[in-house]
Each structure stands twice: as structure tokens, then as C-alpha cells.
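Enquirer: Take this structure, written in C-alpha cells, and hold onto it; I'll ask about it next.
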Amino acid sequence: MGTLVRPGPAATAAGAASPISIASSSAQAAAGGGRAWSSRRRVSVAAFRSPSPQVLATRWRRRRDTAVRSDAVAGGAAAAAAGDSTQALSDLQVASRVRGVCFYLVTAVAAIFLFVAMVVFHPLVLLFDRYRRRAQHYIAKIWATLTISMFYKLEVEGMENLPPNSSPAVYVANHQSFLDIYTLLTLGRCFKFISKTSIFMFPIIGWAMYLLGVIPLRRMDSRSQLDCLKQCVHLVGKGASVFFFPEGTRSRDGKLGVFKRGAFSVATKTGAPVIPITLIGTGKLMPSGMEGILNSGSVKVIIHQPIQGNNAETLCSKARNVIADTLLLHGYGVH
């Protein structure tokens, strides 16, 4: 007879899982899935829920503090930049004033010694060269060259357009600065400037102008203006040259002003050529009304071709157009 054998615990574990264990696992899985879905639902709902007033207030304070700090940093940087630019401007102004003082010291010392030479030669000049006064103009050229060579660079263009000293001419130029006279004297031509009578009262400089034969003028006196033109016609007739600033005064804003016809009337009456000259840069170095300073920079002189004619109005228009076009080409304005 065969023996009946019962399966033990090991056999039961090795076999398929019991229905009770399967049901239990399914229940746990269902419970875990429910909890996961519930937590996802809570997160999604919280994401769309509005922040509380306390949270909003905290966020606003943080943003305000950040904006205030940014403005403070930007304001500090702007203030520092403004301070640096102000300091740089102040340094430039001081340097310009120091340069101006040195300029006048140099020109005064040079004028004293050269004025003595003028006085020594003046009797011979009156005897042999009363109208042109070439020796006196040569001394004035040395004085002007010594003065400006230490303070600014000078460039001259068109020297071939200058007539010789033996040929009388009427020179005209734009007027920007006190430095114009110094600059023009370096050209070495014996032209007679027209100057206010008050300038002749200055020690040394005014006396030297008298020895050079500079023509005095009282601006607001019509009779003085007529006498000045007559003297210019007389000098040109004697072989000397004259120099006019047709604007009548220095430009206040650097722009070319209206030309008066006096110089061109002298040219038409004597038949002398008109020599237009453009001065560039003197007004930036020593602006009109600011004669106590001298800025750094350079000056350019452009000598244009002679103009001739028998109509003063036409000569005036041509000369002004030539100078105006040159100034516009170099970035200057014209009235």
C-alpha cells in the first residue's frame, strides 16, 4: 500500500502565492496609489492658490530694497563721474591761466629788448624807408615768432600767394582773437594795421605800434574813419601795404561776421590787389573776451589768391565768400 504524504511549509512557500497574500498586496497598492493621487492634487491646488498678504508684503519690501540699492549705486557712480569731470575741467582752466600768464611774461620781456632796437633804428627808417618801414617790421616779426613759438604750433598754407614787400596790397582776414596780430606778424610782410587809439597808450606795445606806422582809429567817430581811409589810400600810393579786419571787431561766437566795405574801397581807388587770409584756431586758443587765458592747440593760416576789381561791393563779396567757404570747410560757422 502506498503512503500518503502531506506537503510541508516549504512546499507551500515555494509554490504559488495564496489568495490571501495577493489580496493583501492589492489592497496596499491601491492604498499607496490613493495617497500619491491625493498628494499630487494637493500640490496642484497649492500652485494655483493666491499668496497670503504677509507673503506679498515681504516680497514687495525685498524688491523695494533691491531697487533702492541699485539707485544708490547708480547715483554714486554718476556723482563720481561728475566729480572727475569737474576736477579735470578745473585742472584745464588752471593750466590755461598759467599758460596765459607765461605768454604775457614772455611777450613783455621780448618786447622790452626789441623795442630798444626799434628806437635805435627809427631815425634811419624815417630817412630811408618812411612808408614801408621794413626794418621795424622785421624786428616785429622776430618778436611775434619768439612769443608764439613757445605756446602754439603755427602752420601757414599758400605763402606763394603773398606778393613781395615791394608790391603794395590790401590784406583782409577774419578776426577771432588777440592772437591774430601775433600770428600775422610772422608772415614778414610790411602791412600797416588799423588799431583803436586806446591801444597806443599801452607802454612798450603801444609805442612799438607807433614806430611800426600802425594807423589809429576812433571807432565811433565818422571823421576818424574817413581820415583813416584817406591815410590808407596815401600809404598804398606810396608803395606800402595795409591790413584790414573787415568785420570791424573780434567775433564773439567764432562765426564770421558781416564785412564792411572800407578796405575794398581803398583797393578800388588805388588799383591794389586784395589778399584774403583765413585764420583758423586763434579763437579757440584765446577766445574774445577771455584774454587772460591761453589754451593749448595749433593755428593755421591760409593765404588765398589775390582778387582784383574796380567795384568795392564785388570785391567785398568775393573776399568774404573765399574766407567763409574755408571756415565752413574746417567746421566753423558763418553769420
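The values are calculated or read from the model by the stated rules, or taken from the named source; none is laboratory data. Because the structure is a prediction, the values reported are computed rather than measured. Heads up, the Cβs are rebuilt from the backbone with ideal geometry, glycines too, and the neighbour counts pull from every protein chain shown. Heavy atoms of the whole protein, side chains included, go into the accessibility calculation; ligands, DNA and RNA do not. Shrake-Rupley method; radii C 1.70, N 1.55, O 1.52, S 1.80 Å.
Enquirer: Of P306, V106, A169, which is farthest along the charge dipole of the range 92-330 in the positive direction, counting Lys and Arg as +1 and Asp and Glu as -1 at C-beta?
Expert: Positive-end residue among those listed: A169.
Enquirer: Sort out for me the Cα centre separation of the range 193-248 from the range 158-186, rounded to whole Å.
Expert: 15 Å
Enquirer: Here's a follow-up. Sorting Y210, Y171 by accessible area (1.4 Å probe), largest first, what list results?
Expert: Heavy-atom accessible area, descending, gives Y210, Y171.
Enquirer: For the range 204-213, what does the Karplus curve 6.51 cos²θ - 1.76 cosθ + 1.60, with θ = phi - 60°, yield as ³J(HN,Hα) per residue in whole Hz, taken in order and with x for Gly and Pro?
Expert: 6, 5, x, 5, 5, 4, 5, 5, 6, x
Enquirer: OK, next. For the range 141-270, what is the charge dipole size about the Cα centre, in debye to the nearest 20, if Lys and Arg each add +1 at the Cβ and Asp and Glu each add -1 at the Cβ?
Expert: 440 debye
Enquirer: Also, quick follow-up: Please compute the length gained on full extension between K230 and H330, using 0.36 nm multiplied by the number of residues separating them and subtracting their Cα-Cα distance.
Expert: Stretched out fully, the K230 to H330 stretch lengthens by 32.4 nm.
Enquirer: Here's another thing I want to ask about it. How many lysine pairs does the range 92-330 hold where the Cα atoms are under 20 Å apart and the two sit 8 or more places apart or on different chains?
Expert: 22
Enquirer: Let me ask another. Zone of M150 (label point 7 Å along Cα→Cβ, backbone N under 17 Å): which residues in the range 109-127?
Expert: Answer for the range 109-127: 109-115.
Enquirer: What is the spin-label model distance, in nm, from C102 to S167 if the labels are put 7 Å beyond Cα along the C-beta direction?
Expert: 4.1 nm
Enquirer: Also, I was wondering about something else. Sorting I215, I142, I194 by accessible area (1.4 Å probe), largest first, what list results? Can you show the working numbers first?
Expert: Values: I215 0, I142 65, I194 40 Å².
These residues rank, largest area first, as I142, I194, I215.
Enquirer: Another one. What's the FRET efficiency of T249 with D91 using the Cβ-Cβ distance as r and R₀ = 51 Å, to the nearest 0.05? Write down the numbers at each step before the final one.
Expert: Numbers: r = 32 Å, r/R0 = 0.63.
Given R0 = 51 Å and the Cβ-Cβ separation, E is 0.95.
Enquirer: Fully extended, how many nm does the chain gain between E157 and L126 (0.36 nm per residue separation, minus their Cα-Cα distance)?
Expert: Difference between extended and current length: 7.8 nm.
Enquirer: Moving to a separate point now. Which value, in Å² rounded to 10, gives the accessible area of D325 with a 1.4 Å probe and all protein chains present?
Expert: Accessible area, nearest 10 Å²: 100 Å².
Enquirer: Can you give the accessible area of M201 in Å² (nearest 10), computed on protein heavy atoms with a 1.4 Å probe?
Expert: About 150 Å², rounded to the nearest 10.
Enquirer: Follow-up question, since we're still on this one. Ignoring ligands, DNA and RNA, how do F103, F151, F202, F113 rank by accessible area with a 1.4 Å probe, largest first?
Expert: Result of the area sort, largest leading: F113, F202, F151, F103.
Enquirer: Heads up, I need the accessible area for H137: 1.4 angstrom probe, whole protein in place, Å², nearest 10.
Expert: 10 Å²
Enquirer: Roughly speaking, to the nearest percent, how much of the range 92-330's 1.4 Å accessible area is carbon and sulfur?
Expert: Values: 7160 of 11760 Å².
Answer for the range 92-330 is 61 percent, counting heavy atoms of protein chains only.
Enquirer: Here is a follow-up. Compute the Rg/Rh shape ratio of the range 92-330: radius of gyration over Kirkwood radius, all on alpha-carbon atoms.
Expert: Numbers: Rg = 17.2 Å, Rh = 18.2 Å.
For the range 92-330, the value is 0.94.
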